[in-house]
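Novice: The structure that follows is given in the form of structure tokens.
The values are calculated or read from the model by the stated rules, or taken from the named source; none is laboratory data. Since we're looking at a predicted model, the values are computed, not measured. Here the Cβ positions follow ideal geometry from the backbone for every residue, glycine too, while neighbour counts run over all protein chains shown. All accessible areas refer to the heavy atoms of the entire protein, side chains included, with ligands and DNA or RNA removed. Shrake-Rupley method; radii C 1.70, N 1.55, O 1.52, S 1.80 Å.
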Amino acid sequence: MSPLAWVLRCLALAATLASPVFAQAPTQERLTEMQAQFDHEGDPIRKAKSLAHLGDAQFEVARQQTAAGDFAGALGTFQRYRDDAKSASAALKSTGADAERKPGGYKQLQIHVRKGIREVEQTMVAAPAEERDGFENIRRDLVNVERELIDLLFPRQPAKNGKGKPKG
């Protein structure tokens with residue numbers, strides 16, 4: 001087989017795999033089902049861990065909405081993600097578990113919230129200037145959730161004075 005023929009076959013395969021038949025984009029029905037499972041999850045650790053799957057699906061939907069120019073829809077999707085992240089964080093905190101000693105759930109949630117911040121920031125760049133304030137508010141809320149989680153995971157961080165050096 002010539003190198004050109006091989007490249008053409010690889011391109012044909014890539015095009016086939018990228019077709020809508022093979023795409024695993026979440027449908028609205030699947031997203032609704034995942035949301036219901038998240039909302040009814042009683043175990044705070046499983047709830048926090050399940051946000052990774054739900055959040056990834058929400059991010060995919062938001063990307064599709066952004067690509068279609070539906071920034072209001074993307075904003076709504078990110079608002080739901082923010083609310084879900086806050087809900088998972090509150091559920092974890094309500095257990096009273098020591099996140100430093102037993103980080104299960106806390107760590108996964110913090111990592112995914114960090115990913116959510118990046119997703120919102122990428123959408124903000126694409127959004128028209130008049131629609132960026134809503135995305136900025138969501139980004140700010142997610143940053144606050146992430147900071148709380150980091151403080152719970154690493155409570156013994158040295159306090160910093162104005163010069164950035166530990167007090168002492």
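Novice: Ranked highest first by the average count of other Cβ atoms within 10 Å around their residues, in what order do 132-138, 86-92, 27-33 fall?
Specialist: Final packing ranking: 86-92, 132-138, 27-33.
Novice: Can you put Arg156, Arg63 in order of accessible area, largest first, using a 1.4 Å probe?
Specialist: Arg156, Arg63
Novice: Here is a follow-up. Which whole-number percent of Cα pairs in region 71-140 have a distance greater than 17 Å?
Specialist: Details: 1105 of 2415 pairs.
Tail of the P(r) past 17 Å holds 46 percent of the pairs.
Novice: A further question follows. Gain in length, Glu131 to Ala72, computed as 0.36 nm per residue apart minus the alpha-carbon separation, to one decimal in nm?
Specialist: 20.4 nm
Novice: Using a Cα-Cα cut-off of under 14 Å, which aspartates and glutamates could be cross-linked to Lys49, ignoring same-chain neighbours fewer than 8 residues away?
Specialist: Within the straight-line cut-off, Lys49 pairs with Asp39, Glu41, Asp84.
Novice: May I ask you to work out the translational diffusion coefficient for region 46-168 at 10 °C, viscosity 1.306 mPa s, via Stokes-Einstein with Rh from the Kirkwood sum over Cα pairs, reported in whole µm²/s?
Specialist: Stokes-Einstein gives a translational diffusion coefficient of 103 µm²/s.
Novice: Taking the Cα centre as origin and putting +1 on Lys and Arg beta-carbons and -1 on Asp and Glu beta-carbons, what dipole magnitude results for region 55-116, to the nearest 20 debye? Provide the component values of the computation, followed by the final result.
Specialist: Values: 10 positive and 7 negative charges, 50 e Å.
Here region 55-116 has a charge dipole of around 240 debye.
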